[in-house]
Amino acid sequence: MGLDMYLYCRNKGETELPDDEIYYWRKANQIRQWLVSHTGYSKNSNITTHVLTKEHLENLLSDCKKVLKNPELAPIILPTSAGFYFGGTQYDESYLLTLEETAGMLESLIPETDFDTEEIVYWEWW
């Protein structure tokens, strides 16, 4: 068991999640903490959906790039978050790899999404 985090793309107006996620993180507590701090997602949420806007995704991408360029900014821009199921809180290679993968995914996802008709939904389980 642990922090499992998913992104889904669905048509606006739908309430159910599609069968297949478009992205998956495992114990990426720095991404979760960013979502709590910047999108209104509740730190106590679990097994709830939260719609992420294009602006949210662009800002997350920007912050990932800032930390990748200057890793010493990690505790300020994308701090880790402790929790029983949330994984490590070190600013190490694994932390930076998660940011690299997240940035790559967002660089593809943002231009491929039609935000007029689709929405990106975050869901987690821990």
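Derivation of every value follows stated rules applied to the coordinates shown; laboratory data play no part. Bear in mind that the values here come from a model prediction, so they are computed numbers and not experimental data. Backbone-built Cβ (ideal geometry, glycine too); neighbour counts: all protein chains shown.
For the chain, what's the relative contact order in percent, using C-alpha pairs closer than 8 Å and at least 6 residues apart?
45 percent
Set the Förster distance to 30 Å, then compute FRET efficiency between residue 16 and residue 97 from the Cβ-Cβ distance, nearest 0.05. Walk me through the intermediate numbers first.
On the way: r = 32 Å, r/R0 = 1.07.
With a Förster radius of 30 Å, E is 0.40.
Relative to the longest principal axis of the chain, what angle (0 to 90°, nearest 10) does the C-alpha long axis of helix 54-69 take?
Approximately 20 degrees, to the nearest ten.
With angles folded into 0 to 90 degrees, how steeply does helix 93-112 sit against the dominant principal axis of the chain? Use alpha carbons for both and round to 10.
30 degrees
If exposed GluC sites (Glu not before Pro) are those in a DSSP loop with at most 13 other Cβ within 10 Å, what is the longest stretch of the chain that has none?
17-126
Amide H to amide H under 5 Å from residue 23: which residues, 5+ apart in sequence or cross-chain, H placed 1.01 Å off N in plane?
Amide H neighbours of residue 23, under 5 Å, 5+ apart: 7.
Answer with one residue from 34, 105, 117: the one whose Cα lies farthest towards the positive end of the charge dipole of the chain, charges on Cβ with Lys, Arg +1 and Asp, Glu -1.
34
Dipole of region 4-125, Cα-centred, from +1 at each Lys and Arg C-beta and -1 at each Asp and Glu C-beta, to the nearest 20 debye?
That gives region 4-125 a dipole magnitude of about 580 debye.
Over the chain, consider all pairs of different Cα atoms and compute the Kirkwood hydrodynamic radius from their mean reciprocal separation; express it in Å, one decimal.
Every distinct Cα pair counted, the radius reaches 14.8 Å.
How much length, in nm to one decimal, is gained on full extension between residue 108 and residue 72, taken as 0.36 nm per residue of separation minus their Cα-Cα distance?
Full extension from residue 108 to residue 72 adds 10.3 nm.
Mean-square fluctuation check for the chain, GNM, Cα pairs under 10 Å: which of 73, 35, 99 is largest?
Highest fluctuation of the listed residues: 73.
Among the lysines, select those whose C-alpha is under 23 Å from the C-alpha of residue 27, and discard any that sit fewer than 8 residues away in the same chain.
Leaving aside lysines fewer than 8 places away in the same chain, those within reach of residue 27 are 43, 65, 66, 69.
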